[in-house]
Amino acid sequence: MAHDVATQVRGYMLVFGALLVLTLATVGVSYLRLPETPAVVIGLGIALTKASLVAMYFMHLKGEKPMVYWPLGLTAFLFIGLLVSVLLAEGDHLFGTQFGDAFTRE
């Protein structure tokens, strides 16, 4: 019993260390003065890795049955769809105006 608890605590400490290193990597990337797109991609990659570690170890999803992953995957799919639809509807100021104003004549 004590050996099992020590193994679990060791795993949690390793994950904590990895999260600390990834946080420092995020801060380090911000000081590299990379162009916007690569900086965002790297930052999101690090954030996704950290979120996966938290979900797998601290939320105990690592030992769950595969049936638990279906609702999680569906949630991720729907969230990405919602994010894309919002960006398509409201993000025209990010990429330049694509549509003319409805109240002015051209």
Fill in: Contacts under 9 angstrom Cβ, first residue in segment 38-57 being more than 14 Å from VAL21 (Cα to Cα), partner among the charged types (D, E, K, R), 6 or more apart
ALA39/ARG33; ALA55/LYS62; MET56/LYS62
Worksheet item: Of all residues in segment 37-52 being within 11 Å of the chain's Cα centre (by Cα) and not β-branched (Val, Ile, Thr), which is nearest to THR26 (Cα to Cα)?
Response: GLY43
Discussion item. Can you list residue pairs whose Cβ atoms sit under 6 Å apart, with the first residue in segment 1-21 being in the same structural domain as VAL54 (by TED's automatic domain parsing) and the second being part of a helix (DSSP H, G or I) and modelled with pLDDT under 90? Count only pairs 6 or more apart in sequence or on different chains.
Written reply: VAL15/TYR57
Item to complete: Could you grab me the full set of residues in segment 53-77 that are exposed (fewer than 12 other Cβ atoms within 10 Å of the Cβ), among the aliphatic types (A, V, I, L, M) and within 27 Å of THR26 (Cβ to Cβ)?
Response: MET59, ALA76
Worksheet item: Among the residues of segment 22-45, which ones are more than 16 Å from PHE58 (Cβ to Cβ) and among the hydrophobic types (A, V, I, L, M, F, W, C)?
Response: LEU24, ALA25, VAL27, VAL29, LEU32, LEU34, ALA39, VAL40, VAL41, ILE42, LEU44
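So which helices (runs of 4 or more DSSP H) stay within segment 1-104 end to end and still have 1 or more residues that are of a type in the set (Gly, Ala, Ser) and at pLDDT 90 or above? Walk me through it before giving the result.
Values: elements: 2-30, 36-53, 69-90, 92-95.
The helices (runs of 4 or more DSSP H) meeting that bar are 2-30, 36-53, 69-90.
The values are calculated or read from the model by the stated rules, or taken from the named source; none is laboratory data. Fair warning: this is a prediction, and the values are worked out from it, not measured in the lab. Counting neighbours? That spans all protein chains shown, and the Cβs are built from the backbone with ideal geometry, glycine included.
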